[in-house]
Amino acid sequence: MLQATGLGLLGLAMGELPGSSSAHAAEAAKAADGMAPLNRFPRMVQEYYVNRVRRLEQTVRARRQEMASAEDAQKYVAGVREKIQQCFGPWPEKTPLKARTTKTIERDTYTIENVIFESRPGFLVTGNLYIPKGRQGQMPGIVGTCGHSTNGKAAEAYQSFAQGLARQGYVVFIYDPIGQGERFQYTTDKLKSSVGAGVKEHLLGGNQQFLVGEFFGSWRAWDGIRALDYLLTRKEVNPQIVGVTGNSGGGTMTTWLCGVEARWTMAAPSCFVTSFRRNLENELPADTEQCPPRALALGLDHEDFIAAMAPRPVIILAKEKDFFDVRGTEEAYRRLQKLYDLLGYPNNIAMFAGPTYHGYSQENREEMYKFFNAMTQVSDAEKEPALTIEKDETLWCTPNGQVAELKSRTMMSFTKEMSEKLRKDRAPLNGNALRQALTNVLKIRRQSSYPDYRILRPQNGRQYPTKHAITYAVETEPGIQALVTRLSDEPLYSRPPKDKKRAVLYVSHHSADAELRDEGLIKEIMEAEKDAAVYACDVRGIGESQPDTCDANSFLNPYGSDYFYAIHAIMLDDSYMAQKTWDLLRVIDWLRGTGHEGIHLVAKGWGTIPATFAAVMADEVNQVTFKHALTSFADVAETEDYKWPLSCMVPGVLKTFDLPDCYRMLSGKKLKIIEPWNGKGEVVAG
């Protein structure tokens, strides 16, 4: 999430997604022909997810309410620890840190060492180590994690808490997050971020990782674990007293680190802890690292990461005027109170909500100081000492402020390497083996039943290739309809006529309504298939159910509504693409139920991916034509400036198969691919 340091939370100008000549699909289509695409179900996907998450939360809440003893609480803590590892693990091997101090800065009551270490081989992390002066013996150590500040550890709020703790007797190591401070992953020759620091780098690098089975949050947490490893190498630090704190995105990392690292003795996450449900209901997008895979499916919520640390001391810091819903914070705190009470340590959990807006403001920092001091007896100070904010350059660990000049490996280089290795190790799949792989990876299985459907009132004057058309809302699962339009030269008011055995089913890129007017491929197919019934389909989240959530006209924004539901699907141990494929398979079932015996599946752009999977799985499909189909998922994983959205990706798919496996199999169904797109969304020659 964005920190309140001159950045807006939503509506970022983050560039365009693939296949779009505008920041918004509806506006793009309207500009082409003056007619805005139909969108009669804009809240469908939002309400589907809200209902699904609420049901899961109710189930988990009932289990929590059953806790009645210390033994119950201990079992609960052990259970959440195991589940958290399922989200974040497995972890890489710990390799040599190769830590070095590049500069030492002497101040009145403390010293700052500018440190570089390797959290992974060749992957450089920059940090500042604040060491109090004039203290006898070992001192408590604190790892500081940063929110979404462009300058990372040098941001005023983060310098302030590090310096404030050091002045009271704590050794503090605060490090730059990936994509911020001195750790830009996409750098220009002037050492600036070519895509934008923070959120933009996190999404671009993090979404891509899902294809190879990695999670950006694990990479971020691993940096924090290795930062603690470094802190514990220092003779000044008492290894029996180590804590972690951070705000916003750093509050996220503090929360996750409570769950994945057992060595902390205290923690203070600020401006993050609420609940996944509140964020979803409030249409609040979160970075890739803030959305752990399978977390919702496993029944985890924010407070469970703190519960994993119980009964060690934690204070949850919040803000009354934050975009993180303080109601969720209070709910989390009450649930943790019960857990800590059962464990016999009621005073080890606390909460403070400052009166102002999002940020690690002085009142929140002072509550953190008081809580840590009560646990360590290091200081009795209740107010923040006088601070001196350093210039960014003073805190640089690198000569000119970026690890890129030291030839640090980038996150994308690891992703590309993993993709190349998976491609080398994968055995080609075909036939039943490929169908089984699709079933396993997508977690879907064909049904024999015919779905119910609604008949929508005709929309006249849409300028389709035929005089008339009618749209059917095919119920693919409770709360979800795929919108299927049948073209006709005569009026249709009732159920689809059974006058033609063969069907053409066009799967849209962004909007069936718009593409029925302006996509030449549809007219070509209709001319070639004069004896077939012609349908055009929008799967969930596309066209007629394009969400209007998160922000106005945000659909093609990388932090907008399309991303919002794709990342929630991953937290549900699902994928948005699997859901879209399911919609298409149910539409095929519906076509079979209306009397069609052979289907020519036609698709464009984003629609080609669910169409590919459905064509492999459905025997009813006997011909396939694609325009702008993706060359391969590997091409996305191995392209630094790829343009395909998270909604088109399938987590871990490259461990099992890739699109070319499907295309080979579909050659038996007369597959034709017109102007394929590569990872950058560019037409591939030949």
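Every number in this text was worked out from the coordinates using simple rules, so none of it is lab data. In this text the structure is predicted, and so the values were computed from the model without any measurement. No Cβ is skipped: glycine too gets one built from the backbone with ideal geometry, and neighbour counts run over all protein chains shown.
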For Ile241, other-chain or 5+-apart residues with amide H closer than 5 Å (H placed, Pro excluded) are Gly141
For the stretch 420-562, the count of lysine pairs 8 or more apart or interchain whose alpha-carbon atoms are under 28 Å apart comes to 13
Partner aspartates and glutamates whose C-alpha sits under 19 Å from that of Lys370, ignoring same-chain residues fewer than 8 away, are Asp380, Glu382, Glu384
Between Val534 and residues 5 or more places away or on another chain, the pairs with built amide H atoms under 5 Å apart involve Leu487, Val504
Within the stretch 371-418, DSSP-loop GluC sites (Glu not before Pro) with at most 15 other C-beta atoms within 10 Å are Glu382
Share of Cα-Cα pairs in the stretch 126-282 beyond 21 Å, whole percent, is 46
For the stretch 590-682, Rg(Cα) over 2.2 N^0.38 Å is 1.11
Computed over the chain: longest principal axis from alpha-carbon atoms vs helix 431-442 long axis, angle to nearest 10 degrees, is 50
Taking Cα atoms only, helix 70-88 is inclined relative to the longest principal axis of the chain by an angle, in degrees rounded to 10, of 60
From DSSP H assignment alone, runs of 4+ in the chain each adding -39500 (n - 2.57), the sum over residues rounded to the nearest 500 puts [θ] at 222 nm at -11000 deg cm²/dmol
By the C-alpha gyration tensor axes a ≥ b ≥ c (rounded if a/c is under 1.5, else prolate when a/b exceeds b/c, else oblate), the shape of the stretch 96-419 is oblate
Expected vector for the stretch 644-653, Karplus 3J(HN,Hα) from phi with 6.51, -1.76, 1.60 and θ = phi - 60°, integer Hz, x for Gly and Pro, equals 7, x, 4, 5, 8, 9, 10, x, x, 4
Phi angles of the stretch 534-539, converted by Karplus (6.51 cos²θ - 1.76 cosθ + 1.60, θ = phi - 60°) into ³J(HN,Hα) in whole Hz with x for Gly and Pro, give 10, 10, 10, 10, 10, 6
Tilt, helix 561-571 to longest principal axis of the chain (alpha-carbon atoms), in degrees rounded to tens, equals 70
Along the stretch 419-427, Karplus-curve 3J(HN,Hα) (6.51, -1.76, 1.60; θ = phi - 60°) to the nearest Hz, with x for Gly and Pro, reads 4, 4, 5, 4, 5, 5, 7, 6, 8
Listed by chain and number, the residues whose amide H is under 5 Å from that of Arg135, excluding neighbours fewer than 5 places away on the same chain and using placed H, are none
Everything considered on the Cα gyration tensor (a ≥ b ≥ c; rounded for a/c under 1.5, else prolate if a/b is larger than b/c, else oblate), the stretch 398-516 must be described as prolate
For Lys391, the lysines lying under 26 Å Cα to Cα, once residues fewer than eight places off in the same chain are dropped, come out as Lys103, Lys133, Lys153, Lys190, Lys192, Lys200, Lys383, Lys407
log10 I(q)/I(0) for the chain, Debye formula on C-alpha points only (no solvent), q = 0.05 Å⁻¹, two decimals, reads -0.26
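Rounded, prolate or oblate: which fits the stretch 270-417, taking a ≥ b ≥ c as square roots of the Cα gyration tensor eigenvalues, rounded meaning a/c under 1.5, else prolate when a/b beats b/c?
Values: a/c = 1.80, a/b = 1.19, b/c = 1.51.
Oblate.
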Taking the reciprocal of mean 1/r across every pair of different Cα atoms in the stretch 240-314, the Kirkwood radius in Å is 12.6
Among trypsin sites (Lys or Arg not before Pro) in the stretch 279-328, those in a DSSP loop whose Cβ has at most 14 other Cβ atoms within 10 Å are Lys321
With DSSP loop assignment and no more than 10 other C-beta atoms within 10 Å, the trypsin sites (Lys or Arg not before Pro) in the stretch 209-278 are Lys235
